[in-house]
Structures are given as structure tokens and as C-alpha cells.
Amino acid sequence: MAAKTIYQLLINEEDARACQDIPDSACTKVPKNFMVVLFSQILLSLGDALTSPKTVLTWLMTVVGAPPAMVALLVPIRESGSMLPQLAIGAWVRRYAIRKTFWITGSIIQGSCVLAMAFAVSHLRGAAAGSAIIGLLILFSLGRGLCSVAMKDVQGKTVPKGQRGQLIGIAGTVSGVLTLLVSFWLVAQEPNILWVYLVLLIVAGLLWFSAAALFSQVQEKAGETDGGVNALQQAWQNLSLLKTDLHFRQFVICRALLLGSALVTPFLVLLAQQQHNTGQTLGWFLASASLASAISTFIWGKAADRSSRNVIIIAAGLALLGCGLLAVLHMMLQEVTLVVYLLLFLLLSIGHAGVRVGRKTYLLDMASGNKRTDYVSVSNSVIGVLLLIVGAVSSAIAWWSLLAVLWFFFATSLAGLLYAFKLLDVSNAS
């Protein structure tokens, strides 16, 4: 009864009565499943924030004395490492009628890797510590990829269309508020002391284990299966979706062009660190990221249930504005104040949050059953490859000029914004 009451407070009455795009037999279990998936996602998002490669892991690598070249690998490995294997993972997962087990397994893998990182950095230094972090991050990313494929499928079977964006938004807002509290604690500490990071890693690892235990309570109905199909063979066949499915191809192209909303922020942090390398800088950037999530993700989620296409368009516009302002300021001023960097980081984080919520909801609403699983695995695998390519290109450009890489992401964001207008509106309301 408690789950149903909270569910009714979170979801408006009209949406709560709706039961679109899920089996009729699952309708009565929607309130409990919604709350279980919601709190699991909150724990997962909080764990992600406490181990962010853009902020926390970057500072940790510096503290343990890892070479700067290793620091540059963190974001591409975490993002692409979780996406690249999904083509094969998706084909494997679709052979099973119940898929929450894969999410539980992925969460346990992530929690174990984070706890192992804490053990490694407490005993190793220099390149050895950096190598351990990167190796564990690769394994961590595989668990993250498993969760990504399974979550969208389980959520698609247990949460009705019209409520999925709200779930993502509420989870992002709550985890953002909690991360904001952690960041204020971090500002009061000295980030160059190792024990601070050990606390963050241990807490994050326990969050993933707690999320796995909670997610086991999801009441999932058996879904479609394709038993007996070779996973790799099916994966290659699924790639043909990019050729045969126009709307899906347009979505993947748009998502690829908007990669800059995520990849530009490490360069902003690098510029700020060069000019404002104080002990509290990390805490303020973490606070800015969590504030962006807290104030925007719920709003993005509500808007995405009305039109995920429009959310992508608006968020792409914010990312474009952030990239342009950062490039112009870097071009015209010798030094930019930390407050301005934090405001730009906030703007880019809000834009990126919108892009993420919009594309996740869009993909959930595009299809159901195994077709949804195929869409998720194919799009994430393709984006994983493109992340490595775009990451390598942007790194090469940045080696020549940081200003040039900012304009590069401005150009790709502009193309992504224009391409977003081509997307079909797949939400309930036009």
C-alpha cells in the first residue's frame, strides 16, 4: 500500500490510470514495479555520480600519481566500454524471457569493481594504480552495458508508456540532490587526501549492491524470446536495422551528432583546472553537476512523456549555446573566473541531462519487446564505436588547439540540433 500511495503522489491521476504498451496482466503490479525500478535507478545514478570519470576519477588518478595519458582514457573507456559489447549482449539477452537477472548481475559487477578500485589505490601508486583503475573500469563498463540493455527492456515491460520519462526524471532529480549534499561535504575536505576517495568508492560500491538487492523485487512477466539463435550471428543481422529502418537510423545519427554535449565538459574542467587549481574546485564542479541534475532532470522527464523529440531539440539548443559561449569566452579573454566556468558547466550539464532523458524515453517509446532490445543494443554499440572515433579526433584537435576543439563540438551540436527536427514524434502527445 505504501508503494501505491507514493506512486499516486508522484504520477498524476490520469497517467496513473493509463496502462499503455505493457501486458494487461502487468497493470496491477505497476505501482510496486515503478517504485522498485525508481529507487534502484536512484541508487545507480548516485553511484555513477560518486565515481564520475569527468571529476572524481580524474582527481583520484592525480592523487595516486598516475600518468596524465591514463587520465585521458577514463571517459572514453567508461562510455564506449559499456556500449561496444551491447550488440552481442542484446542478442544474448533476448534469448531469455526474464531479464531482470541481467540487470542484477551487471549491478553486482559494477559494485565489485568499484570496491576493488578502493583496495587497489590503497596499496598501489603511480602507473600501477592507474593501470588497476583502468583495468577495473573496463570490467565495470561491461557490467554497465549489461544493465543498460536489461533496464530498458524491464522498464519497457513494467512501466507504462507516458510514465517512463517521469521515472527517469524523478530518479535523476533525487540522486542529484543527494550528490549535491555529498559535494558540499567534499568542498569542506581536502580533495588531495586519499581517504576521501576511499570513502566515495566504498559508498558507491555498497550502493550498487543495494540496488541489485532491491531490483530483485521487480515482478517481471515473461517476454518474447528468440531461443537457439547464435548471439553473434543475430548481432550482425541486427545491424541491418540501420539500413532498413529509416526512423531508427535518423535517431542514431542525431544521437551521434549530439555526443559533444558530454565530451566537451572534460575540456571545460581542464581549462578551469589550469586557471583555478584550488583544493575545492572538484567539490564545486561535482556540486554544479548534481545541481543540474536536481533542477532539470524531473522537468525533462515530464516533458519527455509529452514529446521526447521536443526535449531532444531543446536540450540540443542548450548544449549548442554552452559550447558557443565557452568558445567565445576562451577566444576573447585571457582568464575566466571560476564562477563563469561553473555556470557554463551547469548549462552544459542541464543540456546533456535533457539529451540523455530525451533519447532514453524516445528509444523506449519507439518499439516494444525484442525490437526494443535490438534498438538499444544496436544504437549503443554503434555509438560506442563513434565515441572512440570522436574522442580520438577531439583529442588530436585539442593537442593542436583547445579553442579549435570547442568550435568542433559547437559545429557537431549545431548539426545535431538541425537533425533532431527530422525525428518522428513517438510520444503520446504531439
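Where a number appears in this text, it was derived from the coordinates with a stated rule and is not lab data. All figures in this text were calculated on a predicted structure; none of them were measured in a lab. Cβ sites come from the backbone with ideal geometry, for glycine too, and all protein chains shown count toward neighbours.
General observations
- Taking MET332, MET35 and counting other C-beta atoms within 10 Å, the order from fewest to most: MET332, MET35
- Mean-position separation - Cα centroids, segment 304-362 and segment 113-141, in angstrom: 31 Å
- Sorting TYR96, TYR419, TYR197 by the number of Cβ atoms found within 10 Å of their own Cβ, with the fewest placed first, yields TYR96, TYR419, TYR197.
- Compared with the direct C-alpha span, the chain from LEU338 to LEU270 gains 23.3 nm at full extension, assuming 0.36 nm per residue.
- Projecting the Cα atoms of GLY143, ILE98, LEU115 onto the charge dipole of segment 80-166, computed from C-beta unit charges around the Cα centre, puts ILE98 farthest toward the positive end.
- Length gained when the stretch GLN280-LEU329 is fully extended (0.36 nm per residue, less Cα-Cα span): 15.3 nm
- Shown for ARG306, ARG125: other C-beta atoms within 10 Å of each C-beta, ranked fewest to most, produce the order ARG125, ARG306.
- Anisotropy class assigned to segment 326-430 is prolate, per the alpha carbon gyration tensor with a/c at or over the 1.5 cut-off and a/b larger than b/c.
- Take the Cα of TYR96, step 7 Å toward its Cβ, do the same at LYS371, and the gap between the two points is 2.5 nm.
- At full extension, LEU403 and THR244 could sit 53.3 nm farther apart than now, given 0.36 nm per residue minus the alpha carbon distance.
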